[in-house]
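Undergrad: I am attaching a structure below and will ask some questions about it afterwards.
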Amino acid sequence: MGESWSTHSSPFAAPLLLSLLTAGAAGGCTASLDPGGGTTPDAGPDLPPLQQDLSQRSVPDSGPEINDATAPDAAADIAPKGYTRIKAGTFTMGCSPGDKQCCRFNCNWPFDQEKPHKVIISRDFWMKKGEVTQGQYQKMTGLNPSVFTGCGKSCPVENVTWWQTLAYCNLLSKSQGLIPCYYKDAAGTQVYTMNAANKRQNPYWIKRFNCRGYRLPTEAEWEYAARAGTTTPVYHGNGAATDGNIKAIAWYMKNSKCSWAGCEKENCRKSVNIGPSGTHPAAQRQPNAWGLFDMFGNVWEFVWDYYGEYHDGPVKDPSGPKA
């Protein structure tokens, strides 16, 4: 695996994390468990799967239902509504063994951006089960910036920036009485707002994994959750990146034809052979073993990390370069 691919541009399928201590994406915002507990080139419909970078992948993923997650209760171990608990563990991040589609250049690992390496995820976290929907985003912000509005409120919100996803996470935290994860200043005196996001002002993630509000997952958290214990290119069937396996879990270039009124006008790109394509309601394809939907396809997903080279050796809770 090691990479995310999608059908349409300008995403906000951020799996959000709630810190049980994040999701970003596959979910939407992530939520952290108690500290003691266990982004991207366009992968558009005309590009082959599994050849896009994850550095701007979203991390919030909401499900088909239009509801907001509730604050996690770490003591009672109660899952926020629409979220699933991802247990801490270890996995190999990067290209799957023998996956030639994943190689960025010539599969010479020392020079490959998706070189496999061991990653330790040391803490449990809550991950949103599906992509953040247009309805959820509009309920929280009062706006729906999506291009594919004809798809409906249960479809993933798109046409938002990475900065706006962070502000959305803060709004979600505030709505549930949680301390926000992102700030405008290093001292943590000014909460990161949508106004700052619209100016593309870079935020500070001050408490890092100890933040107990909503946040985007890191790339490592996203891939760990997306793989759900698998080591193959996709998490369905025999794991091979075949059309049969991909169609079962994702909307992509060969099955994303849209039929709603105005779809052809809204469509920003036309898929080969199927005509106008567009987004589809969240959580309609098969989930992975951990109950997460749309970890492949539909829209891009954001993660926290800035773009950077992978580590050569084992690493614990990586969160990308500082700038």
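The values are calculated or read from the model by the stated rules, or taken from the named source; none is laboratory data. Quantities reported herein were computed from a predicted structural model and do not represent experimental measurements. Cβ placement follows ideal geometry from the backbone for every residue including glycine, while neighbour counts extend to all protein chains displayed.
Undergrad: Answer yes or no as to whether ALA261 is touching a Ser or Thr at 6+ places or on another chain (Cβ under 9 Å), surrounded by fewer than 18 Cβ atoms within 10 Å (Cβ to Cβ) and not in a strand (DSSP E or B). Break it down stepwise before answering.
TA: Numbers: touching a Ser or Thr at 6+ places or on another chain (Cβ under 9 Å): no; surrounded by fewer than 18 Cβ atoms within 10 Å (Cβ to Cβ): yes; not in a strand (DSSP E or B): yes.
For ALA261, the condition - touching a Ser or Thr at 6+ places or on another chain (Cβ under 9 Å), surrounded by fewer than 18 Cβ atoms within 10 Å (Cβ to Cβ) and not in a strand (DSSP E or B) - is not met.
Undergrad: Now for a separate question. Please state which one of ALA225, ALA167, ALA197, ALA186 is under 24 Å from PRO287 (Cα atoms) and of a type in the set (Gly, Ala, Ser).
TA: ALA225
Undergrad: Please enumerate the residues belonging to region 176-201 that are surrounded by 15 or more Cβ atoms within 10 Å (Cβ to Cβ) and either of a type outside the set (D, E, K, R) or under 22 Å from GLN134 (Cβ atoms) (or both).
TA: GLN176, LEU178, PRO180, CYS181, TYR182, TYR183, VAL191, TYR192, THR193, MET194, ALA196, ALA197
Undergrad: From (1) more than 17 Å from the chain's Cα centre (by Cα); (2) hydroxyl-bearing (Ser, Thr, Tyr); (3) under 20 Å from GLY320 (Cα atoms), pick out the condition that doesn't hold for TYR214.
TA: So the condition that TYR214 fails would be (1).
Undergrad: Of everything in region 184-235, what is outside any loop (DSSP other than H, G, I, E, B) and either touching a helix residue (DSSP H, G or I) at 6+ places or on another chain (Cβ under 9 Å) or among the polar types (S, T, N, Q) (or both)? Give them in sequence order.
TA: Start the filter on region 184-235 by keeping residues that are outside any loop (DSSP other than H, G, I, E, B), which leaves 191, 194-198, 204-205, 208-210, 214-215, 219-227.
Of everything in region 184-235, those that are outside any loop (DSSP other than H, G, I, E, B) and either touching a helix residue (DSSP H, G or I) at 6+ places or on another chain (Cβ under 9 Å) or among the polar types (S, T, N, Q) (or both) turn out to be VAL191, MET194, ASN195, ALA196, ALA197, ASN198, TRP205, ASN210, TYR214, ARG215.
Undergrad: For residues in region 287-297 being at pLDDT 90 or above and either of a type outside the set (D, E, K, R) or not in a loop (DSSP other than H, G, I, E, B) (or both), which is surrounded by the fewest Cβ atoms within 10 Å (Cβ to Cβ)?
TA: At the first step, the residues of region 287-297 found to be at pLDDT 90 or above are 287-295.
Still in the list and also either of a type outside the set (D, E, K, R) or not in a loop (DSSP other than H, G, I, E, B) (or both): 287-293, 295.
Numbers: PRO287: 20, ASN288: 21, ALA289: 11, TRP290: 20, GLY291: 18, LEU292: 28, PHE293: 25, MET295: 33.
Here the answer is ALA289.
Undergrad: Further, regarding this structure: If you take the residues of region 119-175 that are small (Gly, Ala, Ser) and surrounded by 24 or more Cβ atoms within 10 Å (Cβ to Cβ), which of them is nearest to PHE91 (Cα to Cα)? Don't jump to the end; show me each part of the working.
TA: Taking region 119-175 first, the residues small (Gly, Ala, Ser) are 122, 130, 135, 142, 146, 150, 152, 154, 167, 173, 175.
Next, only the ones that are surrounded by 24 or more Cβ atoms within 10 Å (Cβ to Cβ) stay: 130, 146, 167, 173.
Working: GLY130: 22, SER146: 35, ALA167: 30, SER173: 29 Å.
Per the criteria, the residue is GLY130.
Undergrad: Next question, about the same structure. Hey, any hits in region 230-248 for a residue that's closer than 26 Å to PHE209 by Cα and either surrounded by 14 or more Cβ atoms within 10 Å (Cβ to Cβ) or modelled with pLDDT of 80 or more (or both)? Steps first, please.
TA: We begin by selecting, within region 230-248, every residue closer than 26 Å to PHE209 by Cα; these are 230-231.
Restricting the remaining residues to those that are either surrounded by 14 or more Cβ atoms within 10 Å (Cβ to Cβ) or modelled with pLDDT of 80 or more (or both) gives 230-231.
Yes, region 230-248 has at least one match.
Undergrad: Quick check: is even one residue across region 138-152 assigned to a helix (DSSP H, G or I), over 23 Å from LEU292 (Cβ atoms) and modelled with pLDDT under 95?
TA: Yes - at least one qualifying residue is present in region 138-152.
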